[in-house]
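Undergrad: Quick one: structure below, then a few questions.
The values are calculated or read from the model by the stated rules, or taken from the named source; none is laboratory data. None of these values were measured; they are calculated from a predicted model. Note that each Cβ is placed from the backbone with ideal geometry, even for glycine, and that neighbours are counted across all protein chains shown.
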Amino acid sequence: MQTGLPTVFVLFLICILGGPEAAPPRQCENGWISFYGKCYYFSRTPENFRSALHNCYNLGCRLLEIESKGEELWIDLQNRLLGYNYGVWLGFSDIIKEGQFLALSDRKRPRYVNWTQGAPNNGHGGTEHCAMYWIARKGWNDERCSIRLNYVCTK
Ligand SMILES: [Ca+2]
Ligand SMILES: [Ca+2]
């Protein structure tokens, strides 16, 4: 476990208490893209997991939690169009209990998952506790929270 990660869980609470309810489709602000009633912000620079989470909170709360195959295919397409290389952070972590990935927004298990073959494997000496979407493998992987990846914020 890395120092400072409990911050993530303070942000959990902020997100739960202050998070937007499911709203009817709406126009997104400048710089955000609309897809099926949600607004998406795609980062220009890669950040470590904690910074990505912070940045999304500052912009309106939530790090991307893919909820369906349709959403995932769209995210995959956007990632490729933007030229992202490795992938993007997903708002799921197993930092509380190894192997049990929970959503940062509600601390529940994700209803939709798409781990790549062999993942999550808690690799790099058991230091992989943050989930990401892996473009090349079109699926999810657990990674070290300290690496820098592009990220997507949703609201
Ligand atoms: Ca892990
Ligand atoms: Ca892994």
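Undergrad: Quickly run through the stretch 120-143 and pick out the residues that are over 22 Å from Gly83 (Cα atoms) and either surrounded by fewer than 20 Cβ atoms within 10 Å (Cβ to Cβ) or free of Cβ contacts under 8 Å to residues at least 12 places away in the same chain (or both).
TA: The answer is Asn121, Asn122, Gly123, His124, Gly125, Gly126, Thr127.
Undergrad: Given the structure, is Asn122 within 13 Å of ligand 1 (Cβ to nearest atom) and on the phi > 0 side of the Ramachandran plot?
TA: It is true that Asn122 is within 13 Å of ligand 1 (Cβ to nearest atom) and on the phi > 0 side of the Ramachandran plot.
Undergrad: Out of Trp134, Trp140, which single residue is more than 12 Å from ligand 1 (Cβ to nearest atom), hydrophobic (A, V, I, L, M, F, W, C) and within 12 Å of Glu65 (Cβ to Cβ)?
TA: Selected residue: Trp140, the only one of Trp134, Trp140 that is more than 12 Å from ligand 1 (Cβ to nearest atom), hydrophobic (A, V, I, L, M, F, W, C) and within 12 Å of Glu65 (Cβ to Cβ).
Undergrad: Okay, next question. Quick one: is Glu98 surrounded by fewer than 15 Cβ atoms within 10 Å (Cβ to Cβ), modelled with pLDDT of 95 or more and among the charged types (D, E, K, R)?
TA: So Glu98 fits the description; yes.
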